[in-house]
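Down below is the structure, laid out as structure tokens.
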Amino acid sequence: MTIYIFEFIGTCMLILLGNGIVANLVLKGTKGSDSGWVGISIAWGIAVFVGVFVSADVSGAHLNPAVTLGLATAGKFDWSLVPGYIIAQILGAMMGNLLVWLNYKKQYDATDDQGAILATFSTSPAIRSPLWNLVTEIIGTFALVFGVFYIAGGAISDEPVSLGSLDALPVALLVMGIGFGLGGPTGYAINPARDLGPRLMHAILPLKGKGSSDWSYAWVPIVGPIIGGFLAALVYLLIGV
């Protein structure tokens, strides 16, 4: 159970700090409303750094079902552990956003903008076009998982790989780069748990005037990252070096 607990903790920290910056930016009555996209991209990089550093030496710090599935597809992770990891990641993401809500409770109460409230939980596209939004999530997640292969494992071998605490900074920089370079069209979920767990919390929590949880879009940040992770694993295997 220890590995699942640390995967839960790492994902919780990821969402707490990552969606925390979004709440600070978009909710009414905060002191961070001028952070902008630069602030979001940097903060998500820091969130990844902390989440990975905390959990890496115990669970390998996947923090993302797309990473878990990609590593398993490439033979770098035991398939029997995949369901437990994904459950831990989703639950950790839910807990992280519960803590965001508690931290900004008075700001949520003061905010009437339903879109702003939802943005502190889940992603949404700048221009809604499900097919192209899916493409964006596939490309962003491909970049993430393919990068993780070489940060964590390097050349092809039969040995399993996992992120160690020393890998926290390069992975954080990778996520930051994805945010700056690829994140604009969809808000770069690149992680099914990052979007699904908080979206579930949006549906559950007693948020004043919260509006829809936008379930019609929710499949995009789930399916896109899974496809991107699989494609990254296949390319990694095809390269074979």
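The values are calculated or read from the model by the stated rules, or taken from the named source; none is laboratory data. What you are looking at is a predicted structure, and each value in this text was computed from that prediction instead of being measured. All Cβ positions, even for glycine, are placed from backbone atoms using ideal geometry, and neighbour counts span all protein chains on display.
A few comments on the model shown:
- Among residues of region 187-241, those that are modelled with pLDDT under 95, within 21 Å of THR73 (Cβ to Cβ) and not in a helix (DSSP H, G or I), counted: 2
- THR11 being under 21 Å from ILE178 (Cβ atoms) and surrounded by fewer than 24 Cβ atoms within 10 Å (Cβ to Cβ): no
- Among the residues of region 88-107, those identified as surrounded by fewer than 19 Cβ atoms within 10 Å (Cβ to Cβ), farther than 15 Å from SER55 by Cβ and within 18 Å of the chain's Cα centre (by Cα) are LEU98, LEU99.
- Subset of region 122-157 [within 16 Å of GLY183 (Cα to Cα), in contact (Cβ under 8 Å) with a residue 60 or more places away in the chain and aromatic (Phe, Trp, Tyr)]: PHE142
- All positions within region 189-218 that are surrounded by 24 or more Cβ atoms within 10 Å (Cβ to Cβ) and either within 18 Å of VAL135 (Cβ to Cβ) or over 20 Å from the mean Cα position of the chain (by Cα) (or both): ALA189, ILE190, ASN191, PRO192, ASP195
- Filtered by the rule that a residue be under 22 Å from LYS210 (Cβ atoms) and of a type in the set (D, E, K, R), region 10-62 gives a lone residue, LYS28.
- Members of region 89-113 that are out of contact with any helix residue (DSSP H, G or I) (no Cβ under 9 Å at 6 or more places or on another chain) and either outside any loop (DSSP other than H, G, I, E, B) or without any contact (Cβ under 8 Å) to a residue 60 or more places away in the chain (or both): LEU102, LYS105, LYS106, ASP109, ALA110
Okay, residues lined up against (1) at positive phi; (2) in a loop (DSSP other than H, G, I, E, B); (3) aromatic (Phe, Trp, Tyr):
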{"residue": "LEU16", "(1), (2), (3)": "no, no, no"}
{"residue": "LEU25", "(1), (2), (3)": "no, no, no"}
{"residue": "LYS31", "(1), (2), (3)": "no, yes, no"}
{"residue": "ASP34", "(1), (2), (3)": "no, yes, no"}
{"residue": "GLY39", "(1), (2), (3)": "no, no, no"}
{"residue": "PHE49", "(1), (2), (3)": "no, no, yes"}
{"residue": "ALA56", "(1), (2), (3)": "no, no, no"}
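- Selection of first residues in region 219-240 that are surrounded by fewer than 22 Cβ atoms within 10 Å (Cβ to Cβ) and of second residues that are in a helix (DSSP H, G or I) and among the acidic types (Asp, Glu), restricted to Cβ pairs under 7 Å at least 6 apart or on distinct chains, gives the following pairs, ordered by first then second residue: ILE222/ASP195.
- Residue satisfying all of: in region 134-175; closer than 23 Å to ILE3 by Cα and polar (S, T, N, Q); modelled with the highest pLDDT among these: SER165
- Scanning region 122-139 for any residue that is farther than 23 Å from VAL26 by Cα, more than 18 Å from the chain's Cα centre (by Cα) and of a type outside the set (A, V, I, L, M, F, W, C) turns up at least one such residue.
- Pairing residues of region 48-67 that are surrounded by fewer than 24 Cβ atoms within 10 Å (Cβ to Cβ) with residues that are of a type in the set (Asp, Glu), at Cβ distances under 7 Å and at least 6 apart in sequence or on separate chains, gives ALA56/ASP167.
- Test: residue in region 63-85 that is outside any helix (DSSP H, G or I), within 16 Å of the chain's Cα centre (by Cα) and over 30 Å from LYS208 (Cβ atoms): yes
- Evaluation of GLY70 against (1) under 17 Å from PRO221 (Cα atoms); (2) without any contact (Cβ under 8 Å) to a residue 12 or more places away in the chain (one fails), failing number: (2)
- Subset of region 174-188 that is closer than 20 Å to PHE49 by Cα and of a type in the set (Gly, Ala, Ser) - its residue that is surrounded by the fewest Cβ atoms within 10 Å (Cβ to Cβ): GLY181
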